[in-house]
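Note sheet for the following structure.
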Amino acid sequence: MTRRQIRGLGAAVLVSALMTACSAEDPEGPGPGASTTTRSAPAAPFGEPETFADGLDAPWSIAFHGRTPLVSERDSARILEVDGSGSTREVGVIAGVNPRGEGGLLGIAVHENHLYVYFTADGENRIERFEISGAPGELALGPAATILDGLASANYHNGGRIAFGPDGMLYATVGDAGGRDRAQDLDSLSGKILRMTPDGDVPQDNPFSNSLVYSYGHRNSQGIAWTEDGTMYASEFGQDTWDELNKIEAGGNYGWPEVEGVAGEDGFIDPLQQWSPDDASPSGIAIHDGMIYIANLRGERLRAVPFTDPATADEQFVDTYGRLRDVAIAPDGSLWIPTNNTDGRGDPNPGDDRIIRVPLR
């Protein structure tokens, strides 16, 4: 093994057994079996789950415009609104989306009556903004305004999660797009978490002068969320050894491609938890009431990680709904979890893809 060997196993992390390598070119797809030794957390406070909406086409992200859920579909490039009965309506189709591999219409976020979208276009990834007009049931999108373009794209590792932090800034996860060395190159935006103003400008207090880069050394992060005190967390796809849950620090180096998982090396920030990709492949995350909720694709489960003991996890819905792409906190405090079984890598059940609503007690 190389420097990606796992060292410092005494650290407070989730320690897994050695796994059979999976394909680096298919990080979200099915792979060989592997085992994970987990120190269990107390059960998360879940009520009875229900299918709230179904018949979706590879949904990728959920955001709320007031109390109205908006959903992005990766391959169709549609933005849907979901009403109180679970019926969906097309709000618009994002022009210029070029779905290929893991790319397409990816993350969405709502801020001050505008919808922000991250998507794969011809030869690039970009972020655009649209004004939202109309009442629920009649929502519409205005003309596109480009916030950021020219991000490297590929069939794999596009990142794609966007969210507004408690500081009012827009954060975006950008994958290495297959160019692994870009993740350590501060002159490249690939393999990074970016921080920008709502108009796409560089905030004056970013950690690197005149740069959108907030943290680096990421392979393919697809989940970001914050605690009430502003602490940021991110999920990350590993290559063939470890997936990660990271606590994000401004200017922090998270190691890729020099290290993967816990390395115990100076200059790199180790993850809070690590898992075999077969048990995880983590995508969207959400934070609520002392818990980090993590949706897993290949692992086909939802993890709940308590702040009080972040080296533990409670696993729910294992092999129940298939691949889970995102998790969001609804205005009523419930969890909304879109499945991702119709994207060509899952095993769709009748009615897939769907949104699972889980009350929190």
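Below, the figures for the structure above:
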read-out	value
The range 69-84, residues that are under 14 Å from Arg357 (Cα atoms) and either open to solvent by 10 Å² or more (accessible area, probe 1.4 Å) or of a type in the set (Phe, Trp, Tyr) (or both)	Asp83, Gly84
Matching residues in the range 95-140 - criterion: being assigned to a strand (DSSP E or B) and either in contact with a helix residue (DSSP H, G or I) (Cβ under 8 Å, 6 or more places away or on another chain) or exposed (fewer than 15 other Cβ atoms within 10 Å of the Cβ) (or both)	Glu131, Ser133, Ala140
Residue in the range 229-240 that is closer than 22 Å to Trp275 by Cβ, open to solvent by 40 Å² or more (accessible area, probe 1.4 Å) and in contact (Cβ under 8 Å) with a residue 24 or more places away in the chain present	yes
Residues (more than 12 Å from the chain's Cα centre (by Cα) and hydroxyl-bearing (Ser, Thr, Tyr)) located in the range 232-246	Thr241
Subset of the range 340-356 (residues that are closer than 15 Å to Thr51 by Cβ and open to solvent by 10 Å² or more (accessible area, probe 1.4 Å))	Thr342, Pro348, Asn349, Pro350, Gly351, Asp352, Arg354
Residues that are surrounded by fewer than 24 Cβ atoms within 10 Å (Cβ to Cβ), of a type in the set (Asp, Glu) and in contact (Cβ under 8 Å) with a residue 60 or more places away in the chain, drawn from the range 241-264	Glu258
Within the range 141-212, strands (runs of 3 or more DSSP E) holding 3 or more residues that are at pLDDT 95 or above and surrounded by fewer than 15 Cβ atoms within 10 Å (Cβ to Cβ)	145-151
Matching residues in the range 321-336 - criterion: being part of a loop (DSSP other than H, G, I, E, B) and of a type outside the set (A, V, I, L, M)	Tyr321, Gly322, Arg323, Arg325, Asp326, Pro331, Asp332, Gly333, Ser334
Test result for Thr173, within 22 Å of Gly104 (Cα to Cα) and among the hydroxyl-bearing types (Ser, Thr, Tyr)	yes
Any hit, the range 51-62, residues being without any contact (Cβ under 8 Å) to a residue 40 or more places away in the chain and either under 22 Å from Tyr293 (Cα atoms) or loosely packed, with under 15 Cβ neighbours inside 10 Å (or both)	no
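To keep it simple, each residue is scored yes or no on (1) open to solvent by 40 Å² or more (accessible area, probe 1.4 Å); (2) over 24 Å from Arg67 (Cα atoms); (3) hydrophobic (A, V, I, L, M, F, W, C); (4) outside any strand (DSSP E or B).
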{"position": "Gly299", "(1), (2), (3), (4)": "no, yes, no, yes"}
{"position": "Arg303", "(1), (2), (3), (4)": "no, yes, no, no"}
{"position": "Thr308", "(1), (2), (3), (4)": "yes, yes, no, yes"}
{"position": "Asp319", "(1), (2), (3), (4)": "yes, yes, no, yes"}
{"position": "Pro338", "(1), (2), (3), (4)": "no, no, no, no"}
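The values are calculated or read from the model by the stated rules, or taken from the named source; none is laboratory data. The structure displayed is predicted, hence computed values, not measured ones. Every residue, glycine as well, gets a Cβ built from its backbone with ideal geometry; the counts of neighbours run over all protein chains shown. Protein only, heavy atoms only, side chains kept; ligands, DNA and RNA dropped before computing areas. Shrake-Rupley method; radii C 1.70, N 1.55, O 1.52, S 1.80 Å.
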